[in-house]
Structure formats: C-alpha cells, structure tokens
2 protein chains.
Amino acid sequence: MPITPRLLLGPGPSTAHPRVLAALATPLVGHLDPQFLALMDEVQERLRRLFGTQNALTLPLSATGSAGMEACLVNLLEPGDAIVVGVAGVFGERMCDVAARAGARVTRVDAEWGTALSPDAMGDAIAKARPKAVAFVHAETSTGVLQPVEPIARAAKKAGALLILDCVTSLGGIPVTLDAWGVDAAYSGTQKCLSCPPGLSPVSFSPRAVESVLARKTKVQSWYLDVSMLARYYGGERVYHHTAPISMIYAIAEALRVVDEEGMPARAARHRAAAAALIEQLAPLGFTPLVAPEVRLPSLTTLRVPERVIAAGEAKLRRRLLDEHDIEVGGGLGKLAGSVWRVGLMGENATVESVTHLERALGQL
Amino acid sequence: MPITPRLLLGPGPSTAHPRVLAALATPLVGHLDPQFLALMDEVQERLRRLFGTQNALTLPLSATGSAGMEACLVNLLEPGDAIVVGVAGVFGERMCDVAARAGARVTRVDAEWGTALSPDAMGDAIAKARPKAVAFVHAETSTGVLQPVEPIARAAKKAGALLILDCVTSLGGIPVTLDAWGVDAAYSGTQKCLSCPPGLSPVSFSPRAVESVLARKTKVQSWYLDVSMLARYYGGERVYHHTAPISMIYAIAEALRVVDEEGMPARAARHRAAAAALIEQLAPLGFTPLVAPEVRLPSLTTLRVPERVIAAGEAKLRRRLLDEHDIEVGGGLGKLAGSVWRVGLMGENATVESVTHLERALGQL
C-alpha cells in the first residue's frame, strides 16, 4: 500500500504503535475459535482495568467511538425519558442529537466552548428535570477541555440518574476511574490515546445500567448496538450476534498490552509533560492555549492561531505542514473553525520529540 | 500475536488474502489526508463495479454486515411504514426484528429453511400490503440457498416499493447486478467472498432510495448509520461525521484490487467449481447437500451430517477438525443446529485444494 507515513498530531487518529500494526497482520481465525475467545477475554479484562471498573459488561464495540456514544444513549433511553446533557463542544452537541433520535426529552446545559461545564448549572438542571440519565464529555476533543467529573457525578447520584460519560479522548492518556466516580455507562475510541487504529469503541455498563436495559418496556431501537444481545456473546455464553472484527481485536489486544506495560501513572505523566512542552515551545511562534490551565486537556491542546497565520489562511499552513513535513495537525471544529488548531499528543505521539518536530517544521514554513 | 492459523471453511470469516493482511499493517494517516481520500474514492469506485451499480452513495460502512442491514432498514423506514420481508433463514428473521425496531409494520413471507422464497407468495404479499419496501436475502448464510432475485424484484417494482437486498455472502463470489435487478439498497460484509477481515459493510443506495431518505418526516433513528450525513463525507464534501476506520479501508482497498485482477467471471466460476468438488468429494463420507441444485449457493454449502456423526456429536467432530487439523467448518444455525454443517468456500478458500484438505482431515478422524 503506497502510503507516505505521517506524524499524526491532530485530534485522531494518532500514530499506531508498530506492535499494533504488526498484530493487525496476524492471520484470521473464526470469532468462535477458542484462541480468539481467550483473546477477547483478555481484551475485556484489560479494558476493565483501564476504565477503572469491575463492570462485567465491558467490551470493544464493533464500530467507532461515535457508535459507542449511540450505544450508551439508545440502550439507556426509551421514548419520553428525560436526559440532561452538558454541552461545551461538538461532542456534547452530538449527544443531544443522538438522544433526541432515541425519543428522549433533552435538557441541555451549555457552557462556552473552551470552558468547562458549570457543576452548579448542571446540578440545577438535574434537580429540576429529575432525568433518567445525565451525560457529558470527559475530554472534549473539539475544545481541549478536561471536564472535572466528581461534582456532576454527585448531582446525578443525588437525583438517582444514570451517568453517561464520553471518554473518547481520555482513556489511555488520563486516569479514568468509572467505579470511583459512579459512572454507569462510558464509551471511548481506539484511535486516540490507545495508539490503535480507529474502528472499535470500548464501552462499559454498570450492573445498574444493565438492569435498566433489561427492565425496558420497549426493545432497544438499534439491533446492532443492543447490549442485552451483545452480553450473550461477550458475557461467556458465546451466542452468535454478529461477526466480531477479528483483526481490530488483535490490534486492541496488543495496544492494551502496551498500555499495561507502561502503566497508567507513567503514561499520564508522559501526556502531561508533552502537552506542557507544546505550549512552551510554540509560545514564541505566537500560539497561545485557548483553555485555562486548570481544565486543560493534556492529550489534545487547542491553540489560538496567531493573527498573521489567520490572515495567510490557517488551512493552507496546515496543508503545507502535511505536504512538506508529513505532519498532521487539526483545524478547529464548529464555532472554533478557522481560529484555532487542535494538536493531539496522544498515545505514542505524546512525547517532547513530537513537539520538537512540529516546532522545527513550523519554523521552516 | 501467538495465533495458530486456521483454514477457515466456516460461514465466515474466510481466510484473508496475504496481500490484504499486509495492507492492514500500513502506517495510519488521517481520515482527511489527501492520500486517504484518494484511496476512499478508489474503494467506492471498485465497490460500484462489484455491486453492478452506478449509485453515487456506495461506500464501506464503518461496522460489520449486520450494521449494513440496519442501515438499509432504518434509513428507508419510518414508524408506521409497511415492509414485506422474505424469511427463509436466520438473516431474513433478523431483518424482521430490525425493521420492527424501526417502527415498521412487518409482513413476513416464510419459506422452509433450505428452500428459496416463493416469488408468488412474495408477489401476493406485496400486492396486498402495498409496502414502502421489500427486503430479502440474496445468499442466505444460515441455509446455503441462493435466492433468484428477478421475479421478486419485478413484483416490488410493480408495487412501487423500494427493494432491499442482503448481499453478505454473495458479493465477490457470485455476480451481483443491483442496477439491472432494480435493487434500491444493498449491503454486504467484507469477511466472506472478499477475503478481507470482518469490520466493514459495503452498502449502496440508489438515487431513489436517497430521495426517500431526504424526504423523511422524521430523522433517521440511528445517528451513526444516517446515510444523509454519511453522504456528506463520502460524497466529496468531506464533512466530518465519524473517524473512518483507516486500517480496514486499506484492507478492503487491497481486497477489491485482488478481486478486480481476477475478474468476477473467473471468480464466480472458481466458487462454483469448488462447491461442486465439495459435494462430490464428501459424498462418499455420507454428507449430502440440504439444498436443491437449482438454488444452491456456491459460496456456502449446507451439508446434512451423516447419522453416525450426529450420534457421536457433530460439534465434537468439528472441534477435533479445529484442534487436530486447524480447519474450521460451521455448525447449523437456528432450526438447523445439530443436523447440518455449513462449509464456506469463499474468496481465497474457494479452491479444490481446500476441499481436498477437508476431505483428508475428515478421513483421519
């Protein structure tokens, strides 16, 4: 495949680990092969550790992170159910759209893009709506904000609501502790801090969330994402539901081994150090962080682009970075399009070397 | 990845082509990288050729074949819409379940498992229900029946209904000609006759189907599978929807090149020859085909298991084939469990050599 490799410093995919790429090329076996089932068990156990949970229903969903979002929402919501969604970027917006398509009554609590959600505003909305579920994004990929989880989790718990958390850009780069936080359903993607190709969505459902699914009055609207059926394959009965994506399971197995070998404390420290280096090294070039230090996401940094770059066309500069230096960085999404860059230092790329490559390339443009 | 390779002669996945496995290990690029977009264009063009269609909206969906089924049904059906589904196996049953979850009024037309649908029965049901859509399975993986498409397509056309066709086990092994047949929406999988790993679902929507989606009164219930949004990325605008599964797109690109190099006439002849050899070579061992010759599927053959094997436990024999000879064959699904084997000779494995391996191994058990 004649593809020029890139240093992937955008919002994802990140560069995959060489061991993960090698795992992808492993010959296929069947989805009921004992070798494959043992590997799936290993993947589920490693995902539990990484999610910080004992949840039995923890598995790599056979689609990308956006399908993980949909799985959490459509399993836990029935038509007419109320949900409170925190919206501080594209992915919070998306949650509202997905929840509405499931027939839910959505109360949205907005925060300015680039800031965190207000726990008070969320708490007030939760107290008022008494929703079945509360949902928000842990690490908002469109803004680079790391949302503190605990205060909103407390408000959800107080109201007896199920808590749904988007961990797409946090899992594997930032500590995630679902059980300690009291999260009932979470989803992630493989192509961010796990340094694995896109294509799977790790998800986890608490026993309380599973009870809620089993107590539904209506069938889950998505057959493909119905976790009550998925549980019969991934839970050990091995009842056929769909054909698992074998090669991608090889890839995530290897990616999770790499994560466990490093250990999350070291990995999280590496992500923080790389992000700090990025801000420091790009400051002389006029790039300044959009997000306040206390809620700044290490794995993805949103940088305000200097005026001279905006004037010259920031998209052109990104294209030159790609064409002339084989470095990808991301543009802004939604309201932030044209005024910021999103620089992902995720997984294998969360290094000072990545930052130095980018700084040197920018210096030559 | 310490995995013992197998000769995959079950209902899928089939053994992936070595070139496809090599393509999987290609370093990642971004989903908006010009190199990747060019590759995506190539994949879409090759899929059009293979599906026998000019449909612009032809793309590899980022999930497995079952999600392709769901995509076709949930995009074309709104709550209250009528659909006639032909049911002659597990996958026809599944269509009914998925359509009902979309709120459709489902009329099912059953045929005995192992036989084809009756065009007269389908025609009568269509004339009576005047449905918005008609759906059935081209190649029923649970029974090994190849359904003649034309007579049912004529009845659907006469009633002005949209025609939905499951091509999971036909695409790449048997000629598929959506436009000539008048099919409006079709889906397939990668892990059968394309000899590519599971994880993607090639789908195709006719201009009439797209019009129907755009004219909906309600939003498509699945955000992830909403083709009106997918069309904005795959159609050339490149509007971000979800992160495409890069590595699997490398894989399908290479798999489709392999298919095109061989050409469908030669490929279809190879599948037919392998299936004929299977029936001939296993007859002396007491295995007899379930399906009548005129509707027998070449890519997947359902064989009645001899009484002595049923008595000894057919599952045990399959397990010994796997453990002692590294050959996987499939058991029966649903009503056929315990009494038949499903032998897939798909893609790279559609050879007389595969059959000889299986025959020799069975002789040693």
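The values are calculated or read from the model by the stated rules, or taken from the named source; none is laboratory data. Since this is a predicted model, take the numbers as computed values, not measurements. A quick note on method: Cβ atoms are made from the backbone with ideal geometry, for glycine too, and the neighbour counts reach across all protein chains shown.
Structure notes:
- The residues listed here are A:GLU348, A:GLU353, A:GLU294, A:GLU324; of these, the one that is within 14 Å of chain B (Cβ to nearest Cβ), farther than 18 Å from B:LEU32 by Cβ, assigned to a helix (DSSP H, G or I) and out of contact with any strand residue (DSSP E or B) (no Cβ under 7 Å at 6 or more places or on another chain) is A:GLU348.
- Test: residue in the stretch A:95-110 that is more than 14 Å from every other protein chain (Cβ to nearest Cβ) and either closer than 25 Å to A:TRP341 by Cα or hydrophobic (A, V, I, L, M, F, W, C) (or both): yes
- Residue that is under 26 Å from A:VAL340 (Cα atoms) and either of a type outside the set (Asp, Glu) or in contact with a Ser or Thr (Cβ under 8 Å, 6 or more places away or on another chain) (or both), where the choices are A:SER222, A:SER188, A:SER204, A:SER228: A:SER188
- With respect to the conditions (1) under 21 Å from A:HIS242 (Cβ atoms); (2) in contact (Cβ under 8 Å) with a residue 12 or more places away in the chain, B:LEU178 falls short on a single one, namely (1).
- Here is the figure for the stretch A:125-137: residues that are surrounded by fewer than 24 Cβ atoms within 10 Å (Cβ to Cβ) and under 29 Å from A:THR302 (Cα atoms) total 1.
- Residues in the stretch A:160-193 that are surrounded by fewer than 22 Cβ atoms within 10 Å (Cβ to Cβ), under 16 Å from A:SER206 (Cβ atoms) and either outside the structural domain of A:VAL98 (by TED's automatic domain parsing) or in contact with a Gly (Cβ under 9 Å, 6 or more places away or on another chain) (or both): A:THR177, A:ASP179, A:ALA180, A:TRP181.
- Members of the stretch B:177-193 found to be within 12 Å of chain A (Cβ to nearest Cβ) and either of a type in the set (S, T, N, Q) or in contact with a Phe, Trp or Tyr (Cβ under 8 Å, 6 or more places away or on another chain) (or both), listed by number: B:THR190, B:GLN191
- Checked across the stretch A:194-211, the condition of being polar (S, T, N, Q), surrounded by fewer than 23 Cβ atoms within 10 Å (Cβ to Cβ) and either more than 14 Å from every other protein chain (Cβ to nearest Cβ) or part of a strand (DSSP E or B) (or both) holds for no residue.
- When residues in the stretch B:12-35 are screened for being facing another protein chain (nearest Cβ under 7 Å) and not in a loop (DSSP other than H, G, I, E, B), 5 of them pass.
- Check on B:ILE164, in a strand (DSSP E or B) and in contact (Cβ under 8 Å) with a residue 60 or more places away in the chain: yes
- Tally of residues being part of a loop (DSSP other than H, G, I, E, B) and touching a Phe, Trp or Tyr at 6+ places or on another chain (Cβ under 8 Å) across the stretch A:167-176: 3
- Close pairs (7 angstrom Cβ cut-off, 6 or more residues apart or separate chains): part of a helix (DSSP H, G or I) in the stretch B:249-264, among the small types (Gly, Ala, Ser) anywhere: B:TYR250/B:ALA23; B:ALA251/B:ALA23; B:ALA253/B:ALA23; B:GLU254/B:ALA23; B:ALA255/B:SER195; B:VAL259/B:GLY172
Here's the yes/no breakdown for (1) of a type outside the set (Val, Ile, Thr); (2) touching a residue at least 24 places away in the same chain (Cβ under 8 Å); (3) within 21 Å of B:VAL74 (Cβ to Cβ):
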| site | (1), (2), (3) |
| --- | --- |
| B:GLN191 | yes, yes, no |
| B:SER206 | yes, yes, yes |
| B:ARG216 | yes, yes, yes |
| B:TRP223 | yes, no, yes |
| B:GLY236 | yes, no, no |
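- Boolean, B:VAL84 is farther than 21 Å from A:ALA25 by Cβ, β-branched (Val, Ile, Thr), under 20 Å from the mean Cα position of the chain (by Cα) and at the interface with chain A (Cβ under 8 Å from one of its Cβ atoms): no
- Count - residues of the stretch B:316-355 that are in contact (Cβ under 8 Å) with a residue 12 or more places away in the chain, at negative phi and exposed (fewer than 13 other Cβ atoms within 10 Å of the Cβ): 1
- Among the residues of the stretch B:178-201, the ones that are within 19 Å of B:ARG270 (Cβ to Cβ) and among the hydroxyl-bearing types (Ser, Thr, Tyr) come to 3 in all.
Each row is one residue, and each column tells you yes or no for (1) small (Gly, Ala, Ser); (2) under 30 Å from A:ALA275 (Cα atoms).
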site	(1), (2)
A:GLU78	no, no
A:VAL87	no, yes
A:GLY92	yes, yes
A:ASP97	no, no
A:ALA104	yes, no
A:MET122	no, yes
A:ALA129	yes, no
A:SER142	yes, yes
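- Looking at A:GLY80, A:GLY89, A:GLY103, A:GLY52, just one residue is among the small types (Gly, Ala, Ser), surrounded by 22 or more Cβ atoms within 10 Å (Cβ to Cβ) and at pLDDT 95 or above, and that residue is A:GLY89.
- From the list A:ALA56, A:ALA63, the lone residue that is touching a strand residue (DSSP E or B) at 6+ places or on another chain (Cβ under 7 Å) and either more than 7 Å from every other protein chain (Cβ to nearest Cβ) or closer than 30 Å to A:THR301 by Cβ (or both) is A:ALA63.
- Extreme residue, farthest from the other protein chains (Cβ to nearest Cβ), among residues of the stretch B:234-252 that are touching a helix residue (DSSP H, G or I) at 6+ places or on another chain (Cβ under 9 Å) and surrounded by fewer than 21 Cβ atoms within 10 Å (Cβ to Cβ): B:GLY236
- Scan of the stretch B:220-233 for residues that are aliphatic (A, V, I, L, M), within 11 Å of chain A (Cβ to nearest Cβ) and buried (at least 24 other Cβ atoms within 10 Å of the Cβ), ordered by number: B:LEU225
- Of the residues examined, B:ALA22 is one that is surrounded by fewer than 21 Cβ atoms within 10 Å (Cβ to Cβ) and in contact with a helix residue (DSSP H, G or I) (Cβ under 8 Å, 6 or more places away or on another chain).
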